[in-house]
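Everything below concerns the one structure shown next.
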Amino acid sequence: MASRSDVLVKLLAGQPVVPVLKIDRLEDAVPLARALAAGGLPAIEITLRTRVALEAIRKVAKEVPEATVGAGTILNVRDFENVERAGARFVVSPGQTPDLLKRAATSDAAFLPGAITPAEMMTLLEHDYTVAKFFPAEQAGGVPFIKSLASPFAGLSFCPTGGISMKNAGDYLAQPNIVCIGGSWVAPDDALAAGDWARVTKLAAEAAALRAKG
Ligand code: 3PG
């Protein structure tokens with residue numbers, strides 16, 4: 001049966017790590033997206049946590065065809081519509097609300113809603129989602145928690161983010177109910193401040209080499 005998460009899974013194309021980006025300077029957006037794509041991480045999540053985030057999404061959508069631009073930290077329908085207009089191809093929320101689920105159902109953009117409790121997971125299954133964001137992953141129980149969801153929630157897989165780095169990424173990706181992980185470690189603040197795009201590409205290449213999941 002088709003699930004509402006099919007488009008998302010197709011867009012991620014097996015990419016094991018999705019960079020979670022907080023862009024403070026608009027001029028960083030395009031070189032950052034290019035550097036990540038060059039390292040093998042074309043799908044990126046630009047979070048709505050800065051003043052320039054929407055414009056950054058717009059610029060990357062327009063100027064970096066090799067990237068698959070997504071938007072994160074979507075908290076309400078207004079955020080959803082703003083990033084949709086800016087050209088986000090996938091939309092990520094740390095949680096879910098009835099209004100967001102309703103709005104996402106009429107959008108061409110793929111939606112990755114968050115779930116961290118069994119009740120939220122059941123709601124997503126009722127809405128035909130098969131993939132949920134799991135945030136904040138480490139703080140909420142990490143790999144053992146996600147492992148214990150596999151049996152009761154056999155129809156649901158997860159994209160954990162929060163507290164993940166190269167140190168524990170492999171443990172997450174080894175779980176059969178994890179589609180991909182997200183993290184900010186591939187785009188460290190000091191690399192952005194220095195415009196060290198070669199370092200970003202190197203970090204992305206290391207992350208991209210982690211076991212890909214279908
Ligand atoms: C997110 O929004 O997914 C997280 O803030 C990313 O968490 P990290 O910075 O610990 O990778």
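Can you give me the relative contact order of the chain as a percent, contacts being Cα pairs under 8 Å and 6 or more apart?
On the way: 429 pairs, mean separation 51.8, N = 214.
Once normalised by length, the contact order is 24 percent.
Size of the dipole of the chain about the Cα centre, Lys and Arg at +1 and Asp and Glu at -1 on the beta carbon, nothing else charged, in debye to 20? Could you put the intermediate results ahead of the total?
Details: 22 positive and 22 negative charges, 32 e Å.
The dipole magnitude comes to about 160 debye.
For the chain, what is the accessible area per residue in Å² when the probe is 1.4 Å? Don't skip to the answer; put the middle values down first.
Details: 9480 Å² over 214 residues.
Here the per-residue accessible area is 44 Å².
Given R₀ = 35 Å, FRET efficiency for Lys10-Ala194 by Cβ-Cβ distance, to 0.05?
It comes out at approximately 0.50.
Using Cα springs under 10 Å in a Gaussian network model of the chain, which residue among Ala105, Ala154, Ala169 shows the largest mean-square fluctuation?
Result: Ala154 has the largest fluctuation of those listed.
Please work out whether the range 119-185 counts as rounded, prolate or oblate from its C-alpha gyration tensor, where a ≥ b ≥ c are the square roots of the eigenvalues and a/c under 1.5 means rounded, while otherwise a/b larger than b/c means prolate and anything else oblate? Spell out each step's value before the answer.
On the way: a/c = 1.99, a/b = 1.74, b/c = 1.14.
Prolate.
Go through Lys102/Lys202; Lys62/Lys167; Lys59/Lys147; Lys133/Lys202; Lys102/Lys167; Lys59/Lys167 and tell me which ones have a Cα-Cα distance over 29 Å in this structure. Could the numbers behind the result be given before it?
Working: Lys102/Lys202 40 Å; Lys62/Lys167 34 Å; Lys59/Lys147 38 Å; Lys133/Lys202 26 Å; Lys102/Lys167 37 Å; Lys59/Lys167 32 Å.
Violating the 29 Å limit, Cα to Cα: Lys102/Lys202; Lys62/Lys167; Lys59/Lys147; Lys102/Lys167; Lys59/Lys167.
Hey, with R₀ at 35 Å, roughly what FRET efficiency would Glu63 and Glu120 work out to, going by the Cβ-Cβ distance, to 0.05?
Numbers: r = 36 Å, r/R0 = 1.04.
Efficiency, rounded to the nearest 0.05: 0.45.
At a 1.4 Å probe radius, carbon and sulfur cover how many percent of the accessible area of the chain?
Details: 5190 of 9480 Å².
Reported share for carbon and sulfur atoms: 55 percent.
Using a Gaussian network model of the chain whose springs link C-alpha atoms within less than 10 Å, name the residue from Phe145, Phe158, Phe90 with the highest mean-square fluctuation.
Phe145
Please report the spacing between the Cα centers of the range 77-127 and the range 131-173 in Å, no decimals.
Here the two parts' Cα centres lie 19 Å apart.
Compute the Cα gyration tensor for the range 6-83, then decide on rounded, prolate or oblate, letting a ≥ b ≥ c be the square roots of its eigenvalues: rounded whenever a/c is under 1.5, prolate when a/b is larger than b/c in the other cases, and oblate in all that remain. Walk me through the numbers before you get to the answer.
Values: a/c = 1.82, a/b = 1.14, b/c = 1.59.
Note, shape of the range 6-83 comes out oblate.
Provide the gained length on full extension for the span Val30 to Phe145, in nm with one decimal, where the gain is 0.36 nm per separating residue minus the Cα-Cα distance. Working shown, then result.
Numbers: separation 115, 0.36 × 115 = 41.40 nm, distance 3.65 nm.
Full-extension gain reported as 37.8 nm.
How high is the relative contact order of the range 1-125, in percent, with contacts defined as C-alpha pairs under 8 Å that are six or more residues apart? Working shown, then result.
Numbers: 210 pairs, mean separation 26.4, N = 125.
Answer for the range 1-125 is 21 percent.
Rounded if a/c is under 1.5, else prolate if a/b is larger than b/c, else oblate: which is the chain, with a ≥ b ≥ c the root eigenvalues of its Cα gyration tensor?
Details: a/c = 1.82, a/b = 1.25, b/c = 1.46.
Because a/c hits 1.5 or more and a/b fails to exceed b/c, the chain counts as oblate.
The values are calculated or read from the model by the stated rules, or taken from the named source; none is laboratory data. Worth saying up front: this structure is predicted, and the values here are computed from it rather than measured. When we count neighbours, we look across all protein chains shown, and the Cβ atoms used for this are built from the backbone with ideal geometry, even at glycine. Keep in mind that these areas ignore ligands, DNA and RNA; they rest on the heavy atoms of the full protein, side chains included. Shrake-Rupley method; radii C 1.70, N 1.55, O 1.52, S 1.80 Å.
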